[in-house]
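**Student:** Sharing a structure below in structure tokens format, with a few things to ask.
The values are calculated or read from the model by the stated rules, or taken from the named source; none is laboratory data. Small disclaimer: the values here were computed from a predicted structure and weren't measured. We place every Cβ from the backbone using ideal geometry, glycine too, and count neighbours over all the protein chains shown. Keep in mind that these areas ignore ligands, DNA and RNA; they rest on the heavy atoms of the full protein, side chains included. Shrake-Rupley method; radii C 1.70, N 1.55, O 1.52, S 1.80 Å.
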Amino acid sequence: MHFGVDQGDLAEVIVPNDLRSAKRAEDRIMAELARYGYDSDTSFAIKLSLEEAITNAVKHGNKNDPAKRIVVRFQITVQRTVIMVADDGTGFSPEKVPDPTADKNLERPNGRGIMLMHAYMTKVWFSETGNEVWMLKDRREATP
Amino acid sequence: MNPSPPFDSPFSLDIERAGRAHIVRLRGSASMDQVEDLHRRLVELIEPGVPHLVLELSELDFISSAGIGAIMAAHLKARAHEGTLRMVNPTPAIRNLLRLLHIDRQIGIDDTLASARAALDLD
């Protein structure tokens, strides 16, 4: 249980390990945000963080292996959104990802996603195994 | 009837040649299912004789770090060909994203297409 949510209370979408398939999970979540009347800035923050988590899962977690899959679980209410993204990979250590805004790393293609998840979501939590990320967005919180 | 999901407008690129530059208008949402195509198309526009790229972003409503990675790849290729990539009039949300990632320190951002054209001496 994370952010006070029981696994059984989460909706689940399981998709093949590619970005076009994973977009289906995103479409479900964005439709729910619209149904609950989330504003543009909050919706932008959630879509961005979800895409960063899924892209990391597809490319770095599952290493673009088409035999693997992505699991997305979510709960959306009037007050907040909780999203979990998991892959079948062996995980990583988030603290070892270099700061993408350091001058020496500005031209590197990787490392921006984790920083953006932390910037745009209220809370972000990685499992010890590093192949599962949980994100919480409190609707009352301003975007950066 | 359910309301339309946000950031769901179709993504498109409108490409125009202007001397030694291509001017590309990005429209809609550059969601994750569009990013590989965006990367390929931007990078292939940079070539000897056409080393400059201007990205008009006023109608682009969403982009992720992967999309920004595509822009950075085009920026690096332009620089390797002694060209320049400039961005024009991003929305406040995307301008903020560029600032957070310090991309605005790497790539010039113009308020108008005219100022980007002038900076690249295209007129």
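**Student:** Find out how many positive minus negative residues lie around B:Thr84, taking Lys and Arg as positive, Asp and Glu as negative, among other residues whose Cβ is under 13 Å from that of B:Thr84.
**Tutor:** On the way: positive: B:Arg20, B:Lys77, B:Arg79, B:Arg86, B:Arg117; negative: B:Glu82, B:Asp110, B:Asp121.
Net local charge, B:Thr84 excluded: +2.
**Student:** Share of chain A's accessible area from carbon and sulfur, percent, 1.4 Å? Let's see the in-between values first.
**Tutor:** On the way: 3170 of 6740 Å².
With neighbouring chains kept in place, the figure for chain A is 47 percent.
**Student:** Which of the DSSP-defined H helices in chain A satisfy a minimum axial length of 15 Å, computed from C-alpha atoms, and a minimum mean Kyte-Doolittle hydropathy of 0.0? Numbers along the way, then the final one.
**Tutor:** Numbers: long enough: A:19-35 (24 Å, -0.71); A:40-56 (24 Å, 0.08).
The qualifying helices are A:40-56.
**Student:** For the protein assembly as shown, what is Rg from Cα atoms divided by 2.2 N^0.38 Å, rounded to two decimals?
**Tutor:** After normalising by residue count via 2.2 N^0.38 Å, the value is 1.02.
**Student:** Moving on. Once you keep just the Cα pairs under 8 angstrom separated by 6 or more residues, what percentage relative contact order results for the stretch A:7-138?
**Tutor:** Values: 218 pairs, mean separation 34.9, N = 132.
Normalised by residue count, the contact order of the stretch A:7-138 is 26 percent.
**Student:** So what is the calculated 222 nm ellipticity per residue for chain A, using -39500 (n - 2.57) for each DSSP H run with n of 4 or more, over all residues, to the nearest 500 deg cm²/dmol?
**Tutor:** Details: 3 runs with 43 residues, N = 144.
The per-residue figure over chain A is -9500 deg cm²/dmol.
**Student:** Counting protein heavy atoms only and a 1.4 angstrom probe, how many square angstrom of accessible surface do chains A and B bury in total, to the nearest 100? Walk me through the intermediate numbers first.
**Tutor:** Details: alone 8090 and 6800 Å², together 12140 Å².
The summed interface area works out to 2700 Å².
**Student:** When DSSP beta bridges are limited to those with both residues in the stretch B:1-113, what percentage is antiparallel, rounded to the nearest 5? Please list the in-between numbers first.
**Tutor:** On the way: 8 of 24 bridges.
Taking every DSSP beta bridge with both residues in the stretch B:1-113, the antiparallel ones total about 35 percent.
**Student:** With heavy atoms of protein chains only and a 1.4 Å probe, what residues of the stretch B:52-92 have at least 40 Å² less accessible area in the full set of chains than alone?
**Tutor:** Residues passing the criterion (a loss of at least 40 Å², heavy atoms only) are B:Phe62, B:Ser65.
**Student:** Under 21 Å between alpha carbons, and skipping anything fewer than 8 positions from A:Lys96 in its own chain: which lysines qualify?
**Tutor:** Here the lysines satisfying the reach criterion relative to A:Lys96 are A:Lys59, A:Lys63, A:Lys104, A:Lys123.
**Student:** On a C-alpha basis, how far is the centre of the stretch A:114-144 from the centre of the stretch B:41-83 in Å? Whole number, if you could?
**Tutor:** Between the Cα centre of the stretch A:114-144 and that of the stretch B:41-83, the gap is 29 Å.
**Student:** When you have a sec, figure out the Kirkwood radius of the stretch B:12-119 from all distinct Cα pair distances and drop it here in Å to one decimal? Mind dumping the intermediate values first?
**Tutor:** Numbers: mean 1/r = 0.0740 Å⁻¹.
Computed over Cα pairs of the stretch B:12-119, the Kirkwood hydrodynamic radius comes out at 13.5 Å.
**Student:** Within 10 Å of each Cβ in A:13-24, how many Cβ atoms from other chains are there, averaged over the peptide?
**Tutor:** Values: counts 0, 0, 0, 0, 0, 3, 7, 5, 1, 2, 4, 1.
Across A:13-24, the average partner-chain Cβ count within 10 Å equals 2.
**Student:** Tally up the carbon and sulfur contribution to the accessible surface of the stretch B:1-97 as a whole percent, 1.4 Å probe, everything protein left in place.
**Tutor:** Values: 1900 of 4020 Å².
Ligands and nucleic acids excluded, carbon and sulfur reach 47 percent.
**Student:** May I pose another question? For A:Lys47, give me every one of the aspartates and glutamates with a C-alpha distance below 15 angstrom, ignoring sequence neighbours fewer than eight places off in its own chain.
**Tutor:** A:Glu26, A:Asp27, A:Glu32, A:Asp39, A:Asp138, B:Asp8, B:Asp33, B:Asp61
**Student:** While we're here: For the stretch B:12-119, report the accessible area per residue in Å² (1.4 Å probe, heavy atoms, rounded to an integer).
**Tutor:** Values: 4190 Å² over 108 residues.
I get 39 Å² per residue for this part.
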